[in-house]
Amino acid sequence: MPCVADWLNSPLSIVQGIFAQNGPSPDWEKKVTEYFTEKLKENNATNWVPSLNDVPLHYLKPNSLVKFRCMVQDMFDPEFYMGVYETIDPNTKTRVLHFGKYRDVAECGDASQARVSPSTSYTPSRHKRSYEEDEDMELHPSKQKEQHMGNIGDIHGCGEPKRLETEASAGHQLISPNCSPPLDLNFPLPGEKGPACLVKVYERWDSFKVNDTLEVYGILSVDPVLSIVNNEERENSSSPLDPMECMDTVEEQRVHSPPASLVPRIHVILAQKLQHINPLLPACLNEEESKSFVSSFMMELSPLRAELLGFLTHALLGDSLAAEYLILHLISTVYARRDVLPLGKFTVNLSGCPRNSIFTEHIYRIIQQLVPAAYRLQMTIENMNHSRFIPHKDYTANRLVSGVLQLASNTSLVIDETLLEQGQLDTTGVHNVTALGNLITWQKVDYDFSYHQMEFPCNINVLITSEGRSLLPSDCQVHLQPQIIPPNMEEYINSLLTAVLPSMLNKFRIFLSLLRLLDYSISDEVTKAVEEDFVEMRKNDPESITADDLHRTLLVARFLSLSAGQTTLSRERWLRAKQLEALRKTRLQQQKCVNGNEL
């Protein structure tokens, strides 16, 4: 067996060794997974594995072990691959078994013939497209070219590639057969430049869904032969061939089989869903080491919260009340759903922002520094009418065309309504505004599948900045009252970001991510006290106190408790929540009186 040091640079040699020891029995696949799982548990072993997110592709060794953090943007149909195949030396007639797993191209060595081992060959794998299996499983060498659309036939010549069916697949795609037309990586957000990858999953593929965030460890495949074969297939598809050879449209082939040099393939050995996407936190908070990290961090929570409050107060031009609510907003998350109602969402409308100013842009810069994922949506008539917010299915290319609202869980979405001017919304604009309203109210996006719509639940933190009351729904409106007006906003924000130490900024980032993940409960005793308090509030002011006020105050109390490191509601935090809500409402009422109209 190869040296264990090769598990990073030559993982296929490790797999080959395990396969050789165990033969074609199914146990060898399980032992491969166990081997790499144990290796990655060693001290800091995960840090040794190069990341496709951080290291340029041309610096990575082909067929080496890599890791990749990604959001599942699309999921293609299964594809069949050769589990085990046999090569036959034409001179000596020697037969050798090979595995086809974790490969895009079959390795035949010097053999001129290869045949599939029927008992184990057609193994379905997620992210690989399939067609109906051919009834003829004899797979004679003479049928090699006729069988490549669904059943991998015999392979003649050592240079002939073994196709993992006609298309590969993954979360991001290209639209380019020969790199001559513009490339389209189909990213959700305009201007995004992150790496795209076709991820091929073999085990537990049914546990992953679209929009899940994953960390995968697998074997990098960038074989240039893939691009050659894909081009040949496209050229041949234009000629009159057997109908079975032309089931894919040219558009589908282009999208599903991009050049491997631009969109590499990863054959996954291990994959896990991520609880969060903050690299400063342990991946799993349930492990013993992670628990000690959490407990030590919670020791310094109180002074850290005070520091963060001061930092955000300065960012919001001296408004400490708005800073309090911004902290509560940033640690909010959908923790459960009751029927269609998402619990825990806390969309804040920050009104009173200067119109057409750079204030919102700088607030977004601050939020960008604090959270792992953020996006600023400029709500202009142009954007509303021409942007693609809702993902839709392209049946010609057989892919999901992404949209702006296809976002990873806990992304901070800042909607800048201060840029909105008078104008006419067309049909697309109306649909986009409706989609934003559904996202805020129900935390869902209805993907367009032409003949029907499909609901995709989400968990997006939405902050709306506006001059008056927002046109969009919100859970809480906070009117900004600046205490200072800096002569140069850009210099002011730059100096604020420069003044905070990088170590403190990292603590802020951990603070906001960690508190979202904590459990929270309310004891029966406190529940009874809150109910009695609410009844008393209704008696004193039956006109203005509603069930919505109770729900919002409970939310504020929840996030206040968590921001103080408390996982249960106390009487003190309930009273503080009532006080904050009273201050917020008083401010709104004062502004309403000043303007003479409703905010």
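The values are calculated or read from the model by the stated rules, or taken from the named source; none is laboratory data. This one's a predicted model, so the numbers in the text were calculated from it and none came from an experiment. Using ideal geometry, Cβ is built from the backbone for each residue, glycine included, and neighbour counts are taken over all protein chains shown. These area figures cover heavy atoms from the full protein model, side chains too; ligands, DNA and RNA do not enter into them. Shrake-Rupley method; radii C 1.70, N 1.55, O 1.52, S 1.80 Å.
Worth pointing out:
- The charge dipole of the range 421-483, taken about its Cα centre with unit charges on the Cβ of Lys, Arg, Asp and Glu (plus for the first two, minus for the last two), comes to roughly 160 debye.
- Over the range 295-367, volume per residue of the alpha carbon convex hull, in Å³: 121
- Peptide packing: for 335-341, 199-205, 84-90, 392-398, the average count of neighbouring Cβ atoms within 10 Å per residue gives the ranking 199-205, 84-90, 392-398, 335-341, highest mean first.
- Accessible surface of the range 324-474 [probe 1.4 Å, protein heavy atoms]: carbon and sulfur percent: 49
- Shown in residue order for the range 264-273 are the 3J(HN,Hα) couplings computed by the Karplus curve 6.51 cos²θ - 1.76 cosθ + 1.60 at θ = phi - 60°: x, 9, 10, 8, 6, 9, 9, 8, 9, 6 Hz (x for Gly and Pro).
- Here the relative contact order of the range 347-439, from alpha carbon pairs under 8 Å that lie six or more residues apart, stands at 36 percent.
- Among 582-588, 405-411, 538-544, the peptide with the highest mean count of other Cβ atoms within 10 Å heads the list, and the full ranking is 405-411, 582-588, 538-544.
- Taking the alpha carbon gyration tensor of the range 451-497, multiplying each eigenvalue by 5 and rooting it gives semi-axes of 34, 16, 10 Å, largest first.
- Summed residue charge, Cβ within 14 Å of S402's Cβ, Lys/Arg positive, Asp/Glu negative: -2
- Using only Cα coordinates, the Kirkwood hydrodynamic radius of the range 424-559 works out to 19.9 Å.
- Charge tally for I493 (other residues, Cβ to Cβ under 12 Å; Lys, Arg +1; Asp, Glu -1): -2.
- Convex hull volume per residue in cubic angstrom - Cα atoms of the range 380-438: 95
- For the range 254-322, the fraction of C-alpha pairs farther apart than 21 angstrom is 60 percent.
- Each Lys and Arg Cβ is given +1 and each Asp and Glu Cβ -1; about its Cα centre, the range 308-459 then shows a dipole of about 380 debye.
- C-alpha center-to-center spacing [the range 86-103, the range 257-274] in angstrom: 26
- Rounded to the nearest 10 Å², the accessible area of T568 at probe 1.4 Å: 70
- The range 299-318-the range 442-481 distance, computed between alpha-carbon centres (Å): 27
- Cα Rg, Dmax (largest Cα-Cα span) when computed across the range 480-561, Å: 19.9, 52
- Links that overshoot a 18 Å alpha carbon limit, given the list K209/K273; K61/K193; K31/K101; K200/K273; K67/K273: K61/K193
- Signed unit charges on C-beta, dipole axis of the range 486-599, positive-most listed residue L555, S503, T586: S503
- Normalised by residue number, the volume inside the convex hull of the Cα atoms of the range 1-51 is 73 Å³ per residue.
- Protection proxy ranking, peptides 291-304, 454-467, 503-516, average beta carbon neighbours within 10 Å, highest first: 454-467, 503-516, 291-304
- Expressed as a fraction of 2.2 N^0.38 Å, the C-alpha radius of gyration for the range 508-599 is 1.25.
- Computed log₁₀ I(q)/I(0) - Debye formula, equal Cα scatterers, no solvent, the range 375-502, q 0.11, 0.18, 0.22 Å⁻¹: -0.50, -1.06, -1.36
- Counted by Cβ distance under 15 Å from S295, the other residues give a net charge of -4, where Lys and Arg count +1 and Asp and Glu count -1.
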